[in-house]
Amino acid sequence: MGKKVLIIGAGGVGRVVAHKCAQNPDVFSEITLASRTKSKCDRIAAEVKERTGREIATATVDADSVPELVQLFEREKPFMVIHVALPYQDLTIMDACLETGVHYLDTANYEPRDVAKFEYKWQWAYRERFESAGLMALLGSGFDPGVTNVFCAWLQKHEFDTMDFVDILDCNGGDHGLPFATNFNPEINIREITQNGRYWENGRWIETKPMEMRHTFDFEGVGPRRMYLLYHEEIESLVQHLNGVRRMRFWMTFGESYLKHLEVIHNLGLDSIEPIDFKGRKIVPLEFLKALLPDPASLGPRTKGKTNIGVIVRGTKDGQPKTRYIYNICDHQEAWRETGAQAVSYTTGVPAMIGAKQMIEGAWMRPGVWNMEQFDPDPFMADLNRYGLPWKVVETDIDIDALPE
Ligand code: NDP
């Protein structure tokens, strides 16, 4: 029997989640979309109705406020919340879930607004409270984190005894034709990539300068692109849950023009999250910059090309060395035609729907706070093929460290 779901956040990702849930009435029998700006929810609801014929309800909520959330949850009585607003709201929404007995799912780990630091420790601290309330919180059910964690769990289950060297590769080969824009929330995006890089090796973190390590990789469906080593949140949980990891790294591609703009933004101090005085009021430069940049949700119709995100693992099976590459390719224009959003939102929103589906159907329902790789990957992997993110696994002899810069 289907369940009622409450989606919070009406950006690019919320739009995709709303469409994908609406396409599955047997699982998501009722849908409410709530966000800070109700008109955005109403616009998405109208498009969902046009594309799928389904009615979804809409509501206003300030997800920074636990009392407002509690009021909404008590009124709507959802089985679960799919939180696709911003990482700043993870804890307030988890608090409201505990107060009202609602299950929880998100796509990005908590980040305090005033420190550019994302870690699982704040959300892992809710484990006992969720468990004793008989509630489940599924963390990071987007693509990366999300599908990349499930790819790793699937490789561990079916292909490897030890996963010695793990590299996650994220390429957005899309072109929106604008001089500078970010593909998801610019504030979160810029905070993520201007930090120092960090990877895991032999039981400890190794820090690099931002963009210090790079290689050019030939991505299927996109072509050769330069990718840079970044810290990414799934490493923190994956190194705890995979067998025999000796090194884990994350790579993301960026174009030259994008990096040049970022450098200028940084040199001007526009990426700062320290409030400054401006004409008698405090403003945060990065928030101001966000107001100037194109809304990522508006990039959909103009973005062409593909994303290619995957994982390369070098490890052993039955004492023999082996290497596998598992990946998905997603087309921006196809995503746009189906949901009115580009592929970066699509590749995040589809796994959010699939994670919620596993919870509703019971395949993944377990009280507590969990990361994606802690569940059986098979039903999720089958649903990726079914709901628009087909994957491939291939044998490879690629050695990333031997690739040119
Ligand atoms: P957007 O900025 O496009 O949308 C965010 C939405 O959240 C907006 O509708 C915004 O409302 C709403 N919102 C912000 N603050 C509040 C608040 N206090 N109360 C209620 N609503 C609020 O972001 P995206 O859709 O691109 O991304 C959504 C989430 O997905 C982010 O957390 C991002 O980090 C995550 N993500 C995860 C990925 C993954 O692979 N795991 C990849 C990409 C994104 P308003 O319109 O009023 O500003």
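List of remarks:
- Residue within segment 246-267 that is more than 21 Å from the chain's Cα centre (by Cα) and within 30 Å of Glu159 (Cα to Cα) present: yes
- Scope segment 102-161; condition farther than 28 Å from Pro321 by Cβ, among the aromatic types (Phe, Trp, Tyr), outside any loop (DSSP other than H, G, I, E, B) and out of contact with any Gly (no Cβ under 6 Å at 6 or more places or on another chain); matching residues: Tyr104, Trp122, Trp124
- Checking Pro224, Pro179, Pro210 one by one, the residue that is part of a strand (DSSP E or B), of a type outside the set (Ser, Thr, Tyr) and surrounded by fewer than 18 Cβ atoms within 10 Å (Cβ to Cβ) is Pro224 and no other.
- Considering segment 346-405, the residues that are of a type in the set (S, T, N, Q) and in contact with a Lys or Arg (Cβ under 9 Å, 6 or more places away or on another chain) include one that is modelled with the highest pLDDT, namely Gln374.
- Checking Thr107, Thr58 one by one, the residue that is farther than 20 Å from Met372 by Cβ and either modelled with pLDDT under 95 or within 24 Å of the chain's Cα centre (by Cα) (or both) is Thr58 and no other.
- Test: Leu238 is part of a helix (DSSP H, G or I), within 23 Å of Pro145 (Cβ to Cβ) and touching a Ser or Thr at 6+ places or on another chain (Cβ under 9 Å): yes
- Of all the criteria given as (1) more than 12 Å from the ligand (Cβ to nearest atom); (2) under 25 Å from Phe118 (Cβ atoms); (3) touching a residue at least 40 places away in the same chain (Cβ under 8 Å); (4) hydrophobic (A, V, I, L, M, F, W, C), the one not satisfied by Leu98 is (3).
- Of the listed requirements (1) farther than 30 Å from Gly244 by Cβ; (2) touching a residue at least 24 places away in the same chain (Cβ under 8 Å), Val284 misses just one: (2).
- Test: residue in segment 18-37 that is within 16 Å of the ligand (Cβ to nearest atom), without any contact (Cβ under 8 Å) to a residue 60 or more places away in the chain and among the basic types (Lys, Arg): yes
- Looking across segment 186-212 at every residue that is more than 22 Å from Ala85 (Cα to Cα) and hydroxyl-bearing (Ser, Thr, Tyr), the one that is farthest from the chain's Cα centre (by Cα) is identified as Thr208.
- Scanning segment 73-95 for residues that are more than 10 Å from the ligand (Cβ to nearest atom) and of a type in the set (A, V, I, L, M, F, W, C) gives Phe73, Phe79, Met80, Val81, Ile82, Leu91, Met94.
- Checked against the criteria, Ala341 does not count as surrounded by fewer than 23 Cβ atoms within 10 Å (Cβ to Cβ) and farther than 24 Å from Asp218 by Cβ.
- Residue match in segment 136-148 (condition: in contact (Cβ under 8 Å) with a residue 12 or more places away in the chain and away from the ligand (no atom under 13 Å from the Cβ)): yes
The values are calculated or read from the model by the stated rules, or taken from the named source; none is laboratory data. Fair warning: this is a prediction, and the values are worked out from it, not measured in the lab. Don't worry about glycine lacking a Cβ; one is built from the backbone with ideal geometry, like all the others, and counts go over all protein chains shown.
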